[in-house]
Amino acid sequence: FTGRAKGTLAIDLARSKGEVSLTVKDDGAGLAPDFDPATTRSLGLRIVRQLAAQLGGDFAMSSGGGTTCRVTFPAG
């Protein structure tokens with residue numbers, strides 16, 4: 001939350017149509033324009049991508065009014 005004393009972090013877990021979606025969103029500055037979550041060397045993001053794959057799901061990140069990370073996987 002660059003330039004601010006605090007920010008907002010929202011976490012949502014939802015189940016719909018046989019799928020579970022875990023979303024984490026903040027209202028920070030967002031991602032750098034050249035940031036690629038598929039090639040980052042960040043241990044945390046590598047772990048999240050691997051967990052999503054082990055669950056047979058997907059991992060996605062987006063930026064705009066903050067950063068949103070979403071893991072979706074089949075409901076068991």
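The values are calculated or read from the model by the stated rules, or taken from the named source; none is laboratory data. Predicted model, so just to flag it, every value in this text is computed and none were measured. All Cβ positions, glycine included, derive from the backbone under ideal geometry; neighbour counts span all protein chains shown. For accessibility, only protein heavy atoms count, side chains too; no ligands or nucleic acids. Shrake-Rupley method; radii C 1.70, N 1.55, O 1.52, S 1.80 Å.
For every helix of n ≥ 4 consecutive DSSP H residues, a contribution of -39,500 (n - 2.57) applies; sum these over the chain, divide by its total residues, and give [θ] at 222 nm rounded to the nearest 500 deg cm²/dmol. Each step should come with its number before you reach the end.
Numbers: 1 runs with 12 residues, N = 76.
The helix contribution divided over the chain gives -5000 deg cm²/dmol.
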message: Over the chain, what is the relative contact order in percent, taking alpha-carbon pairs closer than 8 angstrom and at least six residues apart?
response: 35 percent
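Can you compute the charge dipole magnitude of region 3-76 about its Cα centre, using +1 on each Lys and Arg Cβ and -1 on each Asp and Glu Cβ, nothing else charged? Give it in debye, rounded to the nearest 20. Please report the intermediate quantities before stating the final value.
Details: 9 positive and 7 negative charges, 33 e Å.
Value, rounded to 20: 160 debye.
Working from the alpha-carbon coordinates of the chain, get Rg over Rh, Rh being the Kirkwood radius.
Numbers: Rg = 13.5 Å, Rh = 13.4 Å.
Ratio of gyration radius to Kirkwood radius for the chain: 1.00.
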field: Protein accessible area in the chain, 1.4 Å probe - carbon and sulfur %
entry: 55 percent
